[in-house]
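For reference, the structure is listed below as structure tokens.
The values are calculated or read from the model by the stated rules, or taken from the named source; none is laboratory data. Since we're looking at a predicted model, the values are computed, not measured. Don't worry about glycine lacking a Cβ; one is built from the backbone with ideal geometry, like all the others, and counts go over all protein chains shown. Areas reflect the complete protein model, heavy atoms only, side chains present, ligands, DNA and RNA absent. Shrake-Rupley method; radii C 1.70, N 1.55, O 1.52, S 1.80 Å.
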Amino acid sequence: MKGGPENQVIAGQIILIICCVFYLIWWSISYRPGTEVNKVAGVRGVLLAAAALCGLAGVVMSAMWAGSVPSGGSKLTGTTVALAGIIVYIALLLITKYLFGRQVTTELILIVGWVVLEVTVLLALKRSGGIGSGGSVFMAVVIACAAAVSLILYVLYYRMEPERAFRAAMVPLITEAVSMAALVAEIFAYR
């Protein structure tokens, strides 16, 4: 398969990787322990805006592409994955808040939303012939591992001393960027 419609999802995933890079830089200069700074002024504001714009663009491009792939009669569609994501989010919110005592922050919805997007994209790639069976299984494992790391660190964040928490909070951005890079690589390898 040469070229093809999955070029849109490749671009979307690359833009999401760039979002992770901007957010990682923003985090590293805005949340360093022992410093108090305005997190949205000056260069910090530019970095945060760039991360938000790249994130939005990457999500829209990836989701629009995935939504354009016919379901082929499969019951496992983007809508099904999104509904499952809502249920999983509510369950994780309750579990992390009441069982682990973790205050709820936007990171939880970002983790679950990222998994929903990546699973939706992966299913669409499989249906469109943009990725093989071995690659789709490999990517499902990669996405699950990245999600597990993110959730573990989400729960542990407020239990860590500040310097360790600061560094640990960067790991999910790295694992998710690496996961998306692996997906892009799998698409190219399958061509």
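For this structure, a couple of remarks:
- 0 to 90° range, to nearest 10: angle between helix 42-68 axis and the chain longest Cα axis: 20 degrees
- Listed values for segment 109-126 are Karplus-derived 3J(HN,Hα) couplings in whole Hz (6.51 cos²θ - 1.76 cosθ + 1.60, θ = phi - 60°), namely 5, 5, 4, 5, x, 5, 4, 4, 4, 5, 5, 4, 4, 4, 4, 5, 4, 5, and x replaces Gly and Pro.
- Shown for segment 1-153: lysine pairs separated by 8 or more places, or found on different chains, whose C-alpha atoms are under 30 Å apart, numbering 4.
- Segment 65-191 - accessible surface per residue (Å², probe 1.4 Å): 51 Å²
- Overall, the anisotropy analysis places segment 1-93 in the oblate class: the square-rooted eigenvalues a ≥ b ≥ c of its C-alpha gyration tensor yield a/c not less than 1.5, with a/b not exceeding b/c.
- Amide N of segment 35-51 lying under 20 Å from the label point, which is placed 7 angstrom from the Cα of residue 165 along Cα→Cβ: 35-40
- Here semi-axes √(5λ) of the Cα gyration tensor in Å was computed from the coordinates, and among (i) 30, 20, 14; (ii) 33, 18, 16; (iii) 38, 17, 15 the match is (i).
- Across segment 18-31, computed HN-Hα scalar couplings (Karplus, 6.51 cos²θ - 1.76 cosθ + 1.60, θ = phi - 60°) run 4, 4, 4, 5, 4, 5, 4, 5, 4, 4, 5, 9, 9, 10 Hz from first to last residue, x flagging Gly and Pro.
- Angle between the chain longest axis and helix 171-190 axis [Cα atoms, degrees, rounded to 10]: 20 degrees
- Per-peptide packing, taken as the mean over residues of other Cβ atoms within 10 Å, places 91-99, 24-32 in the sequence 24-32, 91-99 from highest down.
- Prolate/oblate/rounded call for segment 80-191, Cα gyration tensor, a/c under 1.5 rounded: oblate
- Cβ screening of the chain for cysteine pairs under 4.7 Å finds these without a partner: 20, 145.
- Global form of segment 41-89, assessed from the alpha-carbon gyration tensor, a/c cut-off 1.5: oblate
- Backbone geometry of segment 146-152 corresponds, through the Karplus equation with coefficients 6.51, -1.76 and 1.60 at θ = phi - 60°, to 3J(HN,Hα) couplings of 4, 5, 4, 4, 4, 5, 4 Hz, x marking Gly and Pro.
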